[in-house]
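Values in this text are rule-based calculations from the coordinates and carry no lab data. As the structure is a prediction and not an experimental result, all values here were calculated from the model. Heads up, the Cβs are rebuilt from the backbone with ideal geometry, glycines too, and the neighbour counts pull from every protein chain shown.
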Amino acid sequence: MHAWLCENPIGADALTWKELPTPEPKAGEVRIAIRAASLNFPDLLIVQNKYQMKPPLPFVPGSEYAGVIEAVGAGVTDLKPGDSVAACGGTGGFATHVCVPASLAILLHKGFAFDDAAAFILTYGTTHHALLDRGALQAGETLLVLGAAGGVGTAAIQIGKVVGARVIAAASSDEKLELCRSIGADATINYASGNLREELRALTGGKGPDVVYDPVGGDLAESVFRSIAWRGRYLVIGFAQGGIPALPFNLPLLKGASVVGVFWGEFARREPKANAQVLAELARWYAEGKVKPVIDQRLPMPELMRAYERMGSRKVRGKLVMTND
Ligand SMILES: NC(=O)c1ccc[n+]([C@@H]2O[C@H](COP(=O)([O-])OP(=O)(O)OC[C@H]3O[C@@H](n4cnc5c(N)ncnc54)[C@H](OP(=O)(O)O)[C@@H]3O)[C@@H](O)[C@H]2O)c1
């Protein structure tokens, strides 16, 4: 097998594409021949030692992937060689093969493309949990999505529309906003060139968004919170901009609004049954054509550096997918 190995977590440039012995699955594991793996923001952080999870060295990055089961370890009865699966295992995806606990491998229904499946669990799982569970988004409410053309952002536009919300997409360029409109956003704001608060006021008749989905953080957060509607819910998804914002406590009081944390990985670990229901509903929505990952580019696995460069320089629109063809 081949894999991108992180021996020194000082950035993507230090990764090396190496030939390694193909692993045998241990008890309870399956070995997957990876067909596609997607790049998620945590994959950028983990190779810089900046992510909350710090795997022992050396490790193979790549949080999410899809492929075909080649071998199963002792005790695995519900999956078999030849099954198509997707998994969000945290690491191991930027390779040709990976062994993963069978409990993390989700059987794909016929017609679920590997490229889509590799770009699905983390972004859509996070966003379903965020909008429906943590944010209690209702039909007819207004949802503001920041970083709306990114991986989780595009998922938030699509799921917001499935719920029946009015979706305002905000991003840093007109090209990104064009993509947002093409996948269902009702209105858009360019926060690099426009005045976000004034445009929000105009678009919501002064009321503000009911739910804010924020994977960006940094200096946008406080000013957006100042625009939120009465009883609004501000969903803290991530900090792609780098800075972790702080908020004066009088603002939630004055708005009767909530700051709501979202941590899908921990939700999946602590509440596996609820997460399985979330993923089953998302798979149904995919089969019905209601949601579909937006693929920015497909690149051969050995060209992973190009994907890292594209994400690090804020160019990605949707998801980057690495393939083993
Ligand atoms: N809480 C959870 O459970 C959970 C789960 C998955 C992901 N996340 C987090 O969600 C965030 C987004 O993940 P993603 O995979 O969707 O990433 P992504 O595709 O790269 O999207 C991030 C967006 O953030 C914006 N951004 C602003 N400043 C940036 C900067 N300095 N560098 C890069 N992007 C910047 C960009 O949009 P503009 O250019 O339009 O500003 C970009 O499209 C990450 O922080 C990730 O860790 C959290």
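Considering only the range 87-105, state which residues are surrounded by fewer than 22 Cβ atoms within 10 Å (Cβ to Cβ) and under 17 Å from the mean Cα position of the chain (by Cα).
Gly89, Gly90, Thr91, Leu104
Go through the range 299-319 residue by residue and tally those that are surrounded by fewer than 17 Cβ atoms within 10 Å (Cβ to Cβ) and either aromatic (Phe, Trp, Tyr) or closer than 20 Å to Ala149 by Cβ (or both).
Counting residues in the range 299-319 that are surrounded by fewer than 17 Cβ atoms within 10 Å (Cβ to Cβ) and either aromatic (Phe, Trp, Tyr) or closer than 20 Å to Ala149 by Cβ (or both) gives 6.
Please work out which residue is surrounded by the fewest Cβ atoms within 10 Å (Cβ to Cβ), limiting yourself to the range 1-39 and to residues that are touching a Cys at 6+ places or on another chain (Cβ under 9 Å) and within 27 Å of Gly73 (Cβ to Cβ).
Glu24
Of all residues in the range 232-259 being under 24 Å from Asn40 (Cβ atoms) and surrounded by fewer than 17 Cβ atoms within 10 Å (Cβ to Cβ), which is nearest to the ligand (Cβ to nearest atom)?
Gly242
Could you check how many residues of the range 275-325 are among the polar types (S, T, N, Q), touching a residue at least 60 places away in the same chain (Cβ under 8 Å) and farther than 14 Å from Leu122 by Cα?
The total comes to 2.
Looking only at the range 173-210, how many residues end up being small (Gly, Ala, Ser), within 13 Å of the ligand (Cβ to nearest atom) and surrounded by fewer than 19 Cβ atoms within 10 Å (Cβ to Cβ)?
Of the residues in the range 173-210, 4 are small (Gly, Ala, Ser), within 13 Å of the ligand (Cβ to nearest atom) and surrounded by fewer than 19 Cβ atoms within 10 Å (Cβ to Cβ).
Thr91 fails exactly one of the following numbered conditions: (1) touching a Ser or Thr at 6+ places or on another chain (Cβ under 8 Å); (2) not in a loop (DSSP other than H, G, I, E, B); (3) not hydrophobic (A, V, I, L, M, F, W, C). What is the number of that condition?
Every condition holds for Thr91 apart from (2).
Mind checking which residues of the range 31-74 are in contact with a Leu (Cβ under 8 Å, 6 or more places away or on another chain) and of a type in the set (Val, Ile, Thr)?
Hits for the range 31-74 are Val47, Val60, Ile69, Val72.
Of all residues in the range 271-325, count the ones that are assigned to a loop (DSSP other than H, G, I, E, B) and either on the phi > 0 side of the Ramachandran plot or within 12 Å of the ligand (Cβ to nearest atom) (or both).
Qualifying residue count for the region: 9.
Sort out which residues of the range 43-79 are surrounded by 19 or more Cβ atoms within 10 Å (Cβ to Cβ) and within 16 Å of the ligand (Cβ to nearest atom), and write them in order of number.
Hits for the range 43-79 are Asp43, Leu44, Ile46, Val47, Pro61, Gly62, Ser63, Glu64, Tyr65.
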